[in-house]
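> One structure is given below, represented as structure tokens, and several questions about it will come after.
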Amino acid sequence: MTESSLAMCVPSDHFGLTCVRDVSPDEVLARLSVTDQAPYPLYTPGVAVRRLGFGHENPAARICQAGQWTFLLDVDAHGLLLQTPVLTRLSVGTEAVSVWHVMDGTTRIAHAIDRQLMAHYDDDAVHLTTGADPSRVNHALAEAGFFPDDDEFDDDWSPAAMALVAVEREFGLTLSSGTAESPLPTVSLNDLRG
């Protein structure tokens, strides 16, 4: 299995990573309705968890831009940004992709283009991809080795790692671990909980 550079930017056992193409971090934060939190504290991953807690207790994200993409890194894997209403709002006039993995082994991927959910993949749903046009995500997953012909997975097969490889290759996502580990603007996402 090929290693993903994104895997160096998130914890291996639980993470949430959401990316929006050609939209500035300020506009992404406006779409999330969190601009009233400015000025945003700058937190490293460790400081963010210590200050904000874990996942559903106080969902939060750190934000940065790399190339064409604005990245939202879950402070702790909460999955709120993967939810269809949130991801489609982020995708207005562009596209957004999200990967979420939690310690129990669940891995999910969602892709939206201009307010429409194109694909939602849930590893717990017997590798079923749903949405308006899941062909792009299915192709990316197949290229990463998700759907072997003989249903025999290598010993080092990891749905989380392969999901990161798939979206990195398909969407051209690049983020350095140095950027991901640096102090980044951090926002609470408590208002997204429904």
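> Go through the range 5-30 and count every residue that is open to solvent by 40 Å² or more (accessible area, probe 1.4 Å), part of a helix (DSSP H, G or I) and either of a type in the set (V, I, T) or under 13 Å from E181 (Cα atoms) (or both).
1
> Right, here's the next one. I need a count of the residues in the range 134-191 that are over 14 Å from the mean Cα position of the chain (by Cα), open to solvent by less than 10 Å² (accessible area, probe 1.4 Å) and at pLDDT below 90.
Residues meeting the conditions: 2.
> Is it the case that R108 is closer than 21 Å to S177 by Cβ, among the charged types (D, E, K, R) and open to solvent by 10 Å² or more (accessible area, probe 1.4 Å)?
no
> Ok, one more. Return the pair list, or none, for Cβ contacts closer than 7 Å from residues in the range 76-92 that are within 18 Å of Y121 (Cβ to Cβ) to residues that are open to solvent by 40 Å² or more (accessible area, probe 1.4 Å) and of a type in the set (S, T, Y), at least 6 apart or on different chains.
Nothing qualifies.
> Of everything in the range 31-70, what is over 16 Å from L82 (Cβ atoms), open to solvent by 50 Å² or more (accessible area, probe 1.4 Å) and in a helix (DSSP H, G or I)? Give them in sequence order.
Within the range 31-70, T35, D36, Q37, R50, R51, E57 qualify.
> Looking at the range 92-138, what strands (runs of 3 or more DSSP E) fall wholly within it and have at least 3 residues that are farther than 15 Å from L80 by Cβ?
107-113, 116-122, 128-130
The values are calculated or read from the model by the stated rules, or taken from the named source; none is laboratory data. Keep in mind the model is a prediction, meaning the values are calculated, not measured. Neighbour counts are summed over all protein chains in view; Cβ atoms, including those assigned to glycine, are modelled from backbone coordinates with ideal geometry. Accessible surface is based on the protein model in full, side chains and every heavy atom, while ligands, DNA and RNA are left aside. Shrake-Rupley method; radii C 1.70, N 1.55, O 1.52, S 1.80 Å.
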